[in-house]
Amino acid sequence: RYWTRWLRERAPARRVGGIVGADYAILARTRDSERVAGQPVQSWYREVLARTPSGLVRGRGVTDSDVVVAYHQSPLSGWRVNVFTTGAVLDAPMQRTALLVSLAVLLALAIAAALAMARVRVLTRGVRALQEALENLKGARRIPALKSPVKEIQAAMEAAQATADVLATRAEERDEAEAALRQSEEQFRTIANAAPAIVWVTDGSGIVFMNERWTEL
């Protein structure tokens, strides 16, 4: 009872303190002391105590299925003073971090989808305006029919003159290259921000991109 009171006055808040005697039996503990006093420690813990005078270990406890224990042996008495908590307390911050990362990835994907839809609307309006402009250039000689997955571009190509056909083809190639570049940049940013590693890109002028892990660091 004396050593139990002594431990309670000194043990950290929300942690359990204990003393293991030289015979590897529990001498005192701040929790369930009346029930566990005199009981031997778990066999795996006894082997650890016999090997090293101090350390930090994790395993099954006397009253808990998963504990993390910090211990130190007194050179005077041979007793081991230990402080422990459950593994769930130790794992909780990592679980919260994993949840926050998952939510951040989902939010980034939602923002990327919204931006993509907005960009599609802008491109569609631009293509329709191009169709109207090329319709005004319609003349006696028509350009050969060309295939395009976008029906507005297809209609514009069928209506344009030879000179308009060249301009339309160049514009289409430029648009496809810009779309591929934007898609590549969006994929890179999404992957870089979702990765647990620190990622940054530099050019001759300095840093041009840094991911969220870089900012957190």
task = Take Thr169 and decide whether it is surrounded by 11 or more Cβ atoms within 10 Å (Cβ to Cβ), at pLDDT 80 or above and assigned to a helix (DSSP H, G or I).
result = no
remark   = Scanning segment 180-217 for residues that are surrounded by fewer than 13 Cβ atoms within 10 Å (Cβ to Cβ) and part of a helix (DSSP H, G or I) gives Ala180, Leu181, Gln183, Ser184, Glu185, Gln187, Ile191, Thr215, Glu216
message = Against the conditions (1) at pLDDT below 80; (2) out of contact with any strand residue (DSSP E or B) (no Cβ under 6 Å at 6 or more places or on another chain); (3) assigned to a loop (DSSP other than H, G, I, E, B); (4) not hydrophobic (A, V, I, L, M, F, W, C), where does Gly78 fall short? Just the number, please.
response = (1)
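For segment 12-37, give me each residue that is of a type outside the set (A, V, I, L, M) and either in contact (Cβ under 8 Å) with a residue 40 or more places away in the chain or over 21 Å from Pro53 (Cα atoms) (or both). Steps first, please.
Of segment 12-37, the ones of a type outside the set (A, V, I, L, M) are 12, 14-15, 17-18, 21, 23-24, 29-35.
Correct list: Pro12, Arg14, Arg15, Gly17, Gly18, Gly21, Thr30, Arg31, Asp32, Ser33, Glu34, Arg35.
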task = Scan segment 26-42 residue by residue and report those that are more than 38 Å from the chain's Cα centre (by Cα), surrounded by fewer than 17 Cβ atoms within 10 Å (Cβ to Cβ) and either assigned to a loop (DSSP other than H, G, I, E, B) or modelled with pLDDT of 85 or more (or both).
result = Asp32, Gly38, Gln39, Pro40
Segment 48-75 - residue that is of a type outside the set (Ser, Thr, Tyr) and in a loop (DSSP other than H, G, I, E, B) and, of those, least open to solvent (accessible area, probe 1.4 Å) = Gly61
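The values are calculated or read from the model by the stated rules, or taken from the named source; none is laboratory data. These figures come from a predicted structure and were not determined experimentally. Heads up, the Cβs are rebuilt from the backbone with ideal geometry, glycines too, and the neighbour counts pull from every protein chain shown. With ligands, DNA and RNA removed, areas are computed over all heavy atoms of the protein, side chains included. Shrake-Rupley method; radii C 1.70, N 1.55, O 1.52, S 1.80 Å.
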